[in-house]
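The values are calculated or read from the model by the stated rules, or taken from the named source; none is laboratory data. Just so we're clear, the structure is a prediction, and the values are computed from it rather than from any experiment. Neighbour counts are summed over all protein chains in view; Cβ atoms, including those assigned to glycine, are modelled from backbone coordinates with ideal geometry.
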Amino acid sequence: MTQPTAIVIVGATGNLARKRIFPALFALFKNNLLPSTFRIIATARTPHSDNSFRKKVKDMLGLKDEVKWQSFAKVISYVPADFGEGINLAEITKKLDSFEKEAQTCILRIYYLSISPQIVKDAVQNLGKNKLHLGCRLHNTRPRIIVEKPFGKDLKTAQILEKTLSAYFAEEQIYRIDHYLGKETVQNIFVLRFGNDLFEPIWNNRYIDHIQITTAEGIGVEKRGQFYDKTGALRDITQNHLLQLLTLTTMEEPETFDVNGIREKKLEVLKNIKIPSVGEIINSTVRGQYKGYTQEENVSAGSKTETYALIKLFVNNTRWQGIPIYLRTGKKLMGKVTSIIIQFKEKSHKLLANFWQKPMPNHITLQIQPNEGIGIRLVAKKPGLTTALEPVDMEFCYKTSFDTPQPEAYERLLLDVILGDQSLFISQQEVEASWKIIDPVEKVWANGRPKLAIYEPGSWGPKEAEDLIKKDGRIWLAPLLTICKI
Ligand code: BG6
């Protein structure tokens with residue numbers, strides 16, 4: 001990889017930069033995966049010198065690896081600037097130009113907007129006004145821009161944001177991050193389905209009863225009250241991460257394994273999702289809030305923002321007709337787990353009918369995190385002189401099957417931006433199709449229906465969520481089926 005590259009991190013003093021972006025860049029740097037000529041231009045409103053910011057990064061990373069740090073520190077510089085208000089952006093241009101001069105060739109410019117969603121639009125506008133969207137004229141190297149979810153807060157704002165972005169950048173230059181797509185186990189959904197002939201014949205409504213997709217977190221809103229209180233669980237996780245997991249689990253096989261092929265099939269699923277009616281939203285969704293949420297920092301006292309969201313969707317196509325897909329997410333739950341559980345239909349196994357004490361349907365668990373792996377629940381004969389049946393789990397665990405560590409999602413995604421591969425990024429059409437599903441739910445929820453259910457921190461969420469699935473004759477399988485607990 002030879003093209004000299006500069007990445008401008010806007011919002012470099014923020015939470016995301018600290019927790020994900022700098023650690024990922026440092027990991028790539030340590031493993032010699034970045035272009036040999038590489039610069040990081042960090043920018044935020046807070047005043048810093050290059051050195052004081054470098055020290056901050058060193059602290060963020062909790063570094064011991066002094067030797068590598070010294071050379072990493074040299075690629076970082078800091079420019080105080082306000083992208084939202086358009087202040088001091090000319091300094092960024094100067095930095096980029098001087099880097100280009102030094103490199104004696106065109107550089108690839110990458111802008112990473114790691115800022116509050118409320119100011120993304122203004123930031124893009126200011127970037128354009130300052131001509132930062134123009135690349136190197138000599139070789140026509142076009143800059144790339146990375147935008148973080150949520151993309152807007154509904155369909156309308158997502159379209160407005162897109163209008164602003166497309167005034168300066170073409171779709172091939174825009175990298176919309178949903179970091180779940182950078183996770184190893186999420187990429188493996190694709191491989192499981194389309195790399196193994198075993199599953200395809202049974203991956204449909206003839207054999208599958210329903211699907212449960214869960215992202216549970218033990219943490220609360222932490223220091224993100226200001227953002228979270230305006231966002232809520234449905235916009236923060238369901239609109240993006242959960243809908244993306246749903247598309248990967250249910251999409252048809254793309255004709256080509258590339259950005260266009262994959263995007264086309266994902267979009268098809270999103271467009272086929274039945275938009276829930278008002279009645280369905282009232283009766284088949286749950287919005288919850290953990291006890292104590294309104295006392296969190298920067299959360300308004302009477303806030304009705306949900307920290308737990310459960311919705312039930314149907315994909316209206318031949319493969320999935322009639323199969324409920326439950327998407328649930330929540331903060332301050334009993335622990336961290338993300339999983340996709342596919343429950344198969346119960347068969348009347350005539351041959352073994354006498355030995356069947358209770359129903360034991362098969363399940364496939366895709367354990368996204370932690371204890372990454374895949375489990376298949378089967379029924380087996382319990383060893384002994386009589387015939388008794390027991391459920392057993394067959395497991396593939398990353399920890400035991402591979403001795404290579406899994407890269408962090410942001411490492412993969414940042415590398416893909418540098419390489420110009422958009423396969424793991426979201427298209428504008430996907431963004432819009434996702435809002436079309438979420439907006440009607442938000443609208444009914446904003447009118448206070450169904451009632452906000454308060455749940456205990458450390459529980460598995462509101463009782464209403466248990467009742468909802470029970471009413472459908474089912475139970476929650478995560479974390480019951482958690483696998484790879486080694
Ligand atoms: C982010 C959400 O997109 O994902 C956070 O904004 C959430 O609220 C985080 O905590 C969870 O990511 P992960 O990778 O820890 O599952």
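Condition check: surrounded by fewer than 22 Cβ atoms within 10 Å (Cβ to Cβ) and either small (Gly, Ala, Ser) or part of a strand (DSSP E or B) (or both). Does Lys304 satisfy that? No: the conditions fail for Lys304. The set of residues in segment 168-210 that are under 19 Å from Tyr112 (Cβ atoms) and away from the ligand (no atom under 16 Å from the Cβ) comprises Tyr168, Phe169, Ala170, Glu171, Glu172, Gln173, Ile174. Tallying residues that are within 16 Å of the ligand (Cβ to nearest atom), part of a loop (DSSP other than H, G, I, E, B) and not aromatic (Phe, Trp, Tyr) within segment 109-153 yields 7.
Yes or no, residue by residue, for (1) crowded, with 23+ Cβ neighbours inside 10 Å; (2) on the phi < 0 side of the Ramachandran plot:
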{"position": "Leu192", "(1), (2)": "no, yes"}
{"position": "Trp203", "(1), (2)": "no, yes"}
{"position": "Glu222", "(1), (2)": "no, no"}
{"position": "Phe227", "(1), (2)": "no, yes"}
{"position": "Ala233", "(1), (2)": "yes, yes"}
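From the residues in segment 346-368 that are at pLDDT 95 or above and either within 16 Å of the ligand (Cβ to nearest atom) or assigned to a loop (DSSP other than H, G, I, E, B) (or both), which one is nearest to the chain's Cα centre (by Cα)? Restricting to residues being at pLDDT 95 or above and either within 16 Å of the ligand (Cβ to nearest atom) or assigned to a loop (DSSP other than H, G, I, E, B) (or both), the top hit is Ile368.
Tell me, yes or no, whether segment 154-162 has at least one residue that is away from the ligand (no atom under 16 Å from the Cβ), hydrophobic (A, V, I, L, M, F, W, C) and either farther than 25 Å from Gly232 by Cα or outside any helix (DSSP H, G or I) (or both). Within segment 154-162 (the criterion being away from the ligand (no atom under 16 Å from the Cβ), hydrophobic (A, V, I, L, M, F, W, C) and either farther than 25 Å from Gly232 by Cα or outside any helix (DSSP H, G or I) (or both)), the answer is no, since none of the residues qualifies.
Per the listing Glu280, Glu264, the residue uniquely crowded, with 17+ Cβ neighbours inside 10 Å, out of contact with any Lys or Arg (no Cβ under 6 Å at 6 or more places or on another chain) and more than 23 Å from Lys331 (Cβ to Cβ) is Glu280.
The single condition from (1) acidic (Asp, Glu); (2) part of a helix (DSSP H, G or I); (3) within 16 Å of the ligand (Cβ to nearest atom) that Glu268 fails is (3). Mind listing whichever residues of segment 271-286 are of a type in the set (Gly, Ala, Ser) and not in a helix (DSSP H, G or I)? Of everything in segment 271-286, just one residue is of a type in the set (Gly, Ala, Ser) and not in a helix (DSSP H, G or I), namely Ser277. Could you tell me whether segment 320-342 includes any residue that is part of a loop (DSSP other than H, G, I, E, B), surrounded by fewer than 20 Cβ atoms within 10 Å (Cβ to Cβ) and in contact with a Phe, Trp or Tyr (Cβ under 6 Å, 6 or more places away or on another chain)? Yes, segment 320-342 has at least one match. Taken as a whole, the structure leaves Phe199 outside the set of residues that are in contact with a helix residue (DSSP H, G or I) (Cβ under 9 Å, 6 or more places away or on another chain) and under 23 Å from Val259 (Cβ atoms). Going through (1) in contact with a strand residue (DSSP E or B) (Cβ under 8 Å, 6 or more places away or on another chain); (2) within 16 Å of the ligand (Cβ to nearest atom) one by one, Asn298 falls short only on (1).
Taking first residues from segment 47-71 that are assigned to a helix (DSSP H, G or I) and partners that are aromatic (Phe, Trp, Tyr), the Cβ contacts under 7 Å between residues at least 6 apart in sequence or on separate chains come to Asp50/Tyr78; Phe53/Tyr78; Val57/Phe22; Lys58/Trp69; Met60/Phe22; Leu61/Phe22; Leu61/Phe26. Looking for something crowded, with 19+ Cβ neighbours inside 10 Å, within 16 Å of the ligand (Cβ to nearest atom) and within 15 Å of the chain's Cα centre (by Cα) - is there at least one such residue anywhere in segment 394-409? Yes, the conditions are met somewhere in segment 394-409. Across segment 83-127, the number of residues qualifying as under 17 Å from Ile146 (Cβ atoms) and touching a strand residue (DSSP E or B) at 6+ places or on another chain (Cβ under 7 Å) comes to 15.
On inspection, Tyr228 fails the criterion of being within 16 Å of the ligand (Cβ to nearest atom), under 27 Å from Leu424 (Cα atoms) and in contact with a strand residue (DSSP E or B) (Cβ under 7 Å, 6 or more places away or on another chain). Of the residues that make up segment 205-219, is at least one at pLDDT 95 or above and more than 30 Å from Leu310 (Cβ to Cβ)? Within segment 205-219, none of the residues are at pLDDT 95 or above and more than 30 Å from Leu310 (Cβ to Cβ). Could we say that Gln289 is farther than 12 Å from Thr214 by Cβ and in a strand (DSSP E or B) here? So Gln289 fits the description; yes.
When Asp122 is tested against (1) surrounded by fewer than 18 Cβ atoms within 10 Å (Cβ to Cβ); (2) more than 30 Å from Thr305 (Cβ to Cβ), just one condition goes unmet, and that condition is (2). Kindly evaluate Leu198 against the criterion of being under 25 Å from Phe314 (Cα atoms) and either crowded, with 22+ Cβ neighbours inside 10 Å or within 19 Å of the chain's Cα centre (by Cα) (or both). No: the conditions fail for Leu198.
Within segment 47-87, track down each residue that is among the small types (Gly, Ala, Ser), within 16 Å of Phe22 (Cα to Cα) and surrounded by fewer than 14 Cβ atoms within 10 Å (Cβ to Cβ). Correct list: Ser52, Gly62, Ser71. Do we have any residue at all in segment 211-218 that's within 16 Å of the ligand (Cβ to nearest atom), under 26 Å from Tyr290 (Cβ atoms) and surrounded by fewer than 15 Cβ atoms within 10 Å (Cβ to Cβ)? Yes. The C-beta contact set for segment 210-227 (first residue closer than 25 Å to Thr249 by Cβ, second residue within 10 Å of the ligand (Cβ to nearest atom) and among the aliphatic types (A, V, I, L, M), distance under 7 angstrom, 6+ apart or interchain) comprises Thr214/Val337; Thr215/Ile237; Ala216/Val337.
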